[in-house]
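See below for the structure under consideration.
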Amino acid sequence: MTDRNRRTLIPLAALAGLFVLLTAWMDPWRMVLSTVFPTLDKVVYPLAPFRRLVAEHILLVGSSSILASTAGLCIGIAVTRQWGREFLPAVNALASMGQTFPPVAVLALAVPAVGFGFKPTVIALFLYGLLPVLRNTIAGLQTLDPAVLEAASGMGMNPLQILTLVEIPLALPVIMAGVRISTVINIGTATLGATIGAGGLGKPIIAGLIGENPAYIIEGAVLVGLFAILVDGVLGIVSRDRADG
Amino acid sequence: MPPLLLPRKVPLTASVLGLGSSLLLGFVTFRANRLAAGEAIRLLQTGPCGGPVLMAAWIILATTSILKIPERWVNFTLGLLPGALVPTALKVAGGQAERTALASGDIARVSLGAAFWVSLFAAAVIMLDAWHTGGLRRKLTLFSATLGIAVTVYLMVSGEMSHLSILREFINRRERFTGELMAHLALSSSAVGMAVLLGLPLGILAHRKARLRGGAFFVLNTLQTVPSLALFGILIPLLAALTSRFPVLGEAGIQGIGTAPALIALTVYSLLPVARNTFAGFSSVDPAAVDAGRGMGMTGSQLLVRVEFPIASPIILNGIRVALVQAIGLTAVAALIGAGGFGVFIFQGLGQAATDLVLLGAIPTNLIAAAADALLNGLIGVANPRGLR
């Protein structure tokens, strides 16, 4: 483990502890928020316990990010092979054009295609999360030193061995950086999923905006903000570890 | 016997995709009224001649992509057809909408269906591939795409498509649309403008003072990680508390909801790309260039303005490009806290389950993001100092 990782581990662990505490235990919320907003009737979001909202959020982001990373990796590998190279320019262009799409628009467009709820949110998150992984996979695999690949084939490795034992391990830091970007964006977009009935930590925020209850807004916003920073930190450590290993 | 087949994989895949979707999926969706359940109408079930023409185009594209025929024919077919296909598809859909309006009255709605969007995507893939192929095919693609866009715009503006549901939504909100367009542009560009005013000095400072660097970028990175809805949300009670404590702020138009929190959040998000790229741009300046300038007797500020800044400017502009594209997308979210912009249509449409209202918000948002991206990319090309090209 690198020095930098060791240094970020402690604050990250503290942050994780805070997140778990605020998810599982309602009393601190009630105490703080009823002092800050003495005029509010209800200060804690009543419709679902936070642990359920967090679980929904993790399920949304987890399933879509795993799907997106797998698919992005596979497509990225396919278009950098000899037989798929014809697709590389078009895929590259589509990926960079796709990233000018606003995430909220992708989410909104999934609704007419699939309807409201969990499924369209996962589909939108999947589609949008695909692009950073795809771009970084292509970039990672294409910037490898050709001499290394030649040496590998000189050692008698077959293409599959070169891919799994040389190319992917060498490109992994760049690929993981793409996974990190994709997952963090997905956490933010999943928050918007509450507007199309997907559940998750966006629910108290939306409920607070509609019902003019700032306490609900703060609850959702603090939890989802902590969650995003936490996931970003953990994936940062993982990708840096890979870079040295 | 010489081989008959020479598959060109990309246009072949794309035209099979276009053909397959036109056969299997709905080209337009019919609704008895604006909110009723949709009924898919496939391409061959639409009017008298449009459907077969489009089908024939896809078949010609697919055959051209697989047969071993002279390259010049391939260039003409793959270069010209996709650009012509797009306005034709729109015309077919618009014609169907007009017939429906005559038959079932004005309450009935006809929206663009899955096969239309897949066809659009497939045509774009062929054009992108042709662009990369270069030579004659690239020139023909440029020509046909320009003409295709011009005809599409004409069809939209002329009122010929006015029976399509999305244009009905537009016509019902014509004034509102202009207002939201202005609000969207104003909000995203002023946020990026503020980010440039703050981020440029910050980036230069980070370049000069190593001690400041780590902390500043750590804070900006962390803020960038926070989901937009969360940052908007936290700012609302914060600003509300500030204005109730200091009424002067309220008189200045600063409120808990609306433009103020949106502008602050968008500026914060735009700050990281601008500051980071300013730092990277200044770091990319060859110290020898600065030395040469100093040797010529330039002062510190002359060096900054005439040597460092011009060399760093393409990278800085790239940061502004990223910030602007991101801000345009996030402005759509800001509609949730009452800041206006195209997000208003998106969230209204989601609330009413009115697909075409969602599209009326989402499509223009995408278009202005793409336009900003293209504009800044053009500027980056121009900004590259002549000596470094």
If the requirement is being assigned to a helix (DSSP H, G or I), at pLDDT 90 or above and more than 19 Å from the chain's Cα centre (by Cα), which of these qualifies: B:L212, B:L200? B:L200
Kindly provide the set of residues from segment A:190-213 that are more than 20 Å from A:F19 (Cα to Cα), at the interface with chain B (Cβ under 9 Å from one of its Cβ atoms) and touching a Phe, Trp or Tyr at 6+ places or on another chain (Cβ under 8 Å), ordered by number. A:T195, A:I196, A:G208
Among the numbered criteria (1) under 30 Å from the mean Cα position of the chain (by Cα); (2) surrounded by fewer than 17 Cβ atoms within 10 Å (Cβ to Cβ); (3) in contact (Cβ under 8 Å) with a residue 24 or more places away in the chain, which single criterion is violated by B:T141? (2)
Go through the residues of segment B:180-189 one by one and say whether even a single one is surrounded by 14 or more Cβ atoms within 10 Å (Cβ to Cβ) and closer than 30 Å to B:E98 by Cα. yes
Among the candidates A:V148, A:V179, A:V166, single out the residue that is among the β-branched types (V, I, T), surrounded by fewer than 17 Cβ atoms within 10 Å (Cβ to Cβ) and in a helix (DSSP H, G or I). A:V148
What number of residues in segment A:107-141 are more than 15 Å from A:G193 (Cβ to Cβ), more than 12 Å from chain B (Cβ to nearest Cβ) and of a type outside the set (S, T, Y)? 11
If we scan segment B:326-335, do we find a residue that is over 26 Å from B:N172 (Cα atoms) and at pLDDT 90 or above? yes
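Here's the yes/no breakdown for (1) surrounded by 15 or more Cβ atoms within 10 Å (Cβ to Cβ); (2) within 11 Å of chain A (Cβ to nearest Cβ):
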position	(1), (2)
B:P201	no, no
B:A206	yes, no
B:R211	no, no
B:A216	yes, no
B:L223	yes, yes
B:L235	yes, yes
B:A241	no, yes
B:R245	no, no
Is there a residue in segment B:218-239 that is assigned to a loop (DSSP other than H, G, I, E, B) and assigned by TED's automatic domain parsing to the domain that holds B:I328? yes
Listed residues A:I10, A:I77, A:I58, A:I66; which is out of contact with any helix residue (DSSP H, G or I) (no Cβ under 9 Å at 6 or more places or on another chain), modelled with pLDDT of 85 or more and either surrounded by 14 or more Cβ atoms within 10 Å (Cβ to Cβ) or small (G, A, S) (or both)? A:I66
Which of (1) without any contact (Cβ under 8 Å) to a residue 24 or more places away in the chain; (2) farther than 30 Å from B:A37 by Cβ; (3) of a type outside the set (D, E, K, R) does A:V61 not meet, given it meets every other one? (1)
Kindly indicate the residue of segment A:69-106 that is touching a residue at least 24 places away in the same chain (Cβ under 8 Å) and within 7 Å of another protein chain (Cβ to nearest Cβ) and also nearest to B:T13 (Cα to Cα) among those meeting that condition. A:F101
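How many residues are under 15 Å from B:L359 (Cα atoms) and either of a type in the set (G, A, S) or in contact with a His (Cβ under 8 Å, 6 or more places away or on another chain) (or both) if we restrict to segment A:110-123?
3
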For segment B:339-358, does any single residue satisfy the condition of being farther than 30 Å from B:A37 by Cα and buried (at least 23 other Cβ atoms within 10 Å of the Cβ)? yes
Within segment B:58-72, can one find any residue that is among the aromatic types (F, W, Y), buried (at least 22 other Cβ atoms within 10 Å of the Cβ) and closer than 30 Å to A:E86 by Cα? yes
Identify the residue in segment B:7-46 that is more than 28 Å from the chain's Cα centre (by Cα) and basic (K, R) and, among all such residues, is nearest to the other protein chains (Cβ to nearest Cβ). B:R8
A:G197 is checked against (1) of a type outside the set (D, E, K, R); (2) surrounded by fewer than 18 Cβ atoms within 10 Å (Cβ to Cβ); (3) free of Cβ contacts under 8 Å to residues at least 60 places away in the same chain and fails just one. What number does that condition carry? (3)
Here is a list: B:A312, B:A332. Which entry is out of contact with any Cys (no Cβ under 6 Å at 6 or more places or on another chain), at negative phi and within 12 Å of another protein chain (Cβ to nearest Cβ)? B:A332
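The values are calculated or read from the model by the stated rules, or taken from the named source; none is laboratory data. If you're wondering where the values come from, they're calculated on a predicted model, not measured in any experiment. With ideal geometry, Cβ positions are generated from the backbone for all residues, glycine too; neighbour counts draw on all protein chains shown.
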